[in-house]
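A.B. asks: Before I ask anything, here is the structure I am working with.
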Amino acid sequence: MRNIQYCLLAGLVLMALLFATLEDEERKAEDQAEVAIDMLNFNMGHSPT
């Protein structure tokens, strides 16, 4: 019975880690998009907002 509990706990931990890394990747992508937009605006002569 204890093995089942350990398996469930391990699964929850893995899911939590997966969600954390996905959120982190999403944040990085948003930051990169903002930087790219700022660079485009700068290249076109507009001041970055």
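Every number in this text was worked out from the coordinates using simple rules, so none of it is lab data. Please read all numbers here as calculations on a predicted model, not as lab measurements. Please note: Cβ atoms are built from the backbone with ideal geometry, for glycine as well, and neighbour counts cover all protein chains shown.
A.B. asks: Kindly express, to the nearest 10 degrees and within the range 0 to 90, the angle between helix 2-43's C-alpha long axis and the longest C-alpha principal axis of the chain.
C.D. replies: That helix lies at roughly 0 degrees to the long axis.
A.B. asks: Multiply the residue gap between Glu26 and Met44 by 0.36 nm, knock off their C-alpha separation, and tell me the result in nm, one decimal place.
C.D. replies: Taking 0.36 nm per residue and subtracting the Cα distance, the gain is 3.8 nm.
A.B. asks: Quote the charge dipole size of the chain about the Cα centre in Debye, to the nearest 20; the model charges only the Cβ of Lys and Arg (+1) and of Asp and Glu (-1).
C.D. replies: Numbers: 3 positive and 8 negative charges, 74 e Å.
Using only the charged Cβ atoms, the result is roughly 360 debye.
A.B. asks: Just checking my list (1) 13, 25, 31, 29, 1; (2) 22, 48, 27, 4; (3) 24, 23, 19, 15, 11, 7, 2 against P(r) over Cα pairs in 10 Å bins from 0, in percent computed from this structure; which label fits?
C.D. replies: (3)
A.B. asks: Answer with one residue from Ala36, Gly11, Leu22: the one whose Cα lies farthest towards the positive end of the charge dipole of the chain, charges on Cβ with Lys, Arg +1 and Asp, Glu -1.
C.D. replies: Gly11
A.B. asks: Still on this structure, I have one more. Each label point is 7 Å from the Cα along the Cα-to-Cβ direction; what then is the distance between the points at Val35 and Leu17, in nm?
C.D. replies: For the pair Val35/Leu17, the computed spacing is 2.7 nm.
A.B. asks: Where does the chain land at 222 nm, in deg cm²/dmol rounded to the nearest 500, when only DSSP H runs of n ≥ 4 count, each adding -39500 (n - 2.57), divided by all residues?
C.D. replies: Numbers: 1 runs with 42 residues, N = 49.
The helix contribution divided over the chain gives -32000 deg cm²/dmol.
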